[in-house]
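Structure first, commentary second.
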Amino acid sequence: MPVSLRLAGVWVAAWSLAVCGGRASDGAGAGPGPSPQSSAWTLSWSDEFESGTRPDESHWAYDLGGGGWGNQELQTYTARAENVAVRDGSLVITAHAERFTGSDGIARDFTSARLKTRDRFAQMYGKFEARIRVPRGQGLWPAFWMLGADIDAVGWPQCGEIDVMEHIGREPATIHGTLHGPGYSGASGPSASASSPDGAPFANGFHVYAVEWEPGEIRWYLDGRQYHSWKASNVPAGARWVFDHDFFLLLNVAVGGAWPGNPDPTTTFPQEMVVDYVRVYRR
């Protein structure tokens, strides 16, 4: 990740993992089985995207601009209806191939959107899940992830980062879940991948991506089945577990970058990431 301090949630860790071969394991098909029954959880926050044509501003804010986000990304993030809207009961983030100059004065050849609940909602511990259909194509990079709400005060990776789901277009049947903190970020960030249950591209349909986060442990799930976990006891000697404070949520689609690579002649636009719901629970 160029700009390895990831001040605005840039994707340094994912890039470093890919370039350095730092994926800790391939968790496809792994894990002890389904998540505990839903009765163990109480809903604390959600967005079902059932009304209006725009995301609820009491829930979501936007990251804007085209500075590459530390990863040589090619898009400008906007808040335009062309890039982010509520449609047919879902949030739709649309990446376009178009020449556009953002509010930062930077001209790019692609546009997209990145939403966050920062200053609107954050929570410590719980179950965080979203039902999503990802876009398809080389160079597309959708993600559902979380950052420590203290990022301004302590910086990255001291704030902590939980990547619930990342997907890159050149791996159509694979998703990744990763954790980052001080002393275990970048190529050292514990990470695992999971394969599509039927072997088909994830872009073919909706899947539920989730983490269950408790004191001292975080677990990753695909469609209700665990494929990865990490505990405070796994943190390297001398490093700190930084996952005992509030985190906020992010949803975005990046175009290009050092990890996914850039779009090529096989990539078609526009491409959509469709989010049926986002739900957060407490025990």
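The values are calculated or read from the model by the stated rules, or taken from the named source; none is laboratory data. These figures come from a predicted structure and were not determined experimentally. Note that we place each Cβ from the backbone using ideal geometry, even for glycine, and neighbour counts take in every protein chain shown.
Structure above, values below:
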quantity: Considering residues of the range 109-121 that are assigned to a strand (DSSP E or B) and not hydroxyl-bearing (S, T, Y) only, the residue surrounded by the fewest Cβ atoms within 10 Å (Cβ to Cβ); calculated: D109
quantity: Long-range neighbours under 6 Å by Cβ, at least six apart or interchain, first residue closer than 23 Å to A122 by Cα within the range 213-233, second among the polar types (S, T, N, Q) and modelled with pLDDT of 95 or more; calculated: R219/Q226; R219/S229
quantity: Scan of the range 123-146 for residues that are touching a Phe, Trp or Tyr at 6+ places or on another chain (Cβ under 6 Å) and under 21 Å from W230 (Cα atoms), ordered by number; calculated: Y125, G126, K127, A130, F144, M146
quantity: Test: residue in the range 250-273 that is over 29 Å from Y62 (Cβ atoms) and loosely packed, with under 15 Cβ neighbours inside 10 Å; calculated: yes
quantity: Breaking point among (1) within 30 Å of G257 (Cα to Cα); (2) in a loop (DSSP other than H, G, I, E, B); (3) out of contact with any Ser or Thr (no Cβ under 7 Å at 6 or more places or on another chain); (4) at pLDDT 95 or above, for S58; calculated: (1)
quantity: Unique match (being modelled with pLDDT under 95, crowded, with 16+ Cβ neighbours inside 10 Å and of a type in the set (F, W, Y)) among Y184, Y209; calculated: Y184
quantity: Filter result (part of a strand (DSSP E or B) and among the basic types (K, R)) within the range 246-283; calculated: R279, R282
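Table: residues versus (1) among the aliphatic types (A, V, I, L, M); (2) under 17 Å from the mean Cα position of the chain (by Cα); (3) under 23 Å from G70 (Cβ atoms).
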{"position": "P197", "(1), (2), (3)": "no, no, no"}
{"position": "F202", "(1), (2), (3)": "no, yes, no"}
{"position": "R219", "(1), (2), (3)": "no, yes, no"}
{"position": "V235", "(1), (2), (3)": "yes, no, no"}
{"position": "L250", "(1), (2), (3)": "yes, yes, yes"}
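Conditions (1) over 19 Å from W45 (Cβ atoms); (2) modelled with pLDDT under 95; (3) crowded, with 19+ Cβ neighbours inside 10 Å; (4) within 17 Å of the chain's Cα centre (by Cα), marked per residue:
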site	(1), (2), (3), (4)
D88	yes, no, no, no
I93	yes, no, yes, yes
A107	yes, no, no, no
Q123	no, no, yes, yes
V134	yes, no, yes, yes
G139	yes, no, yes, yes
C159	yes, no, yes, yes
D163	yes, no, yes, yes
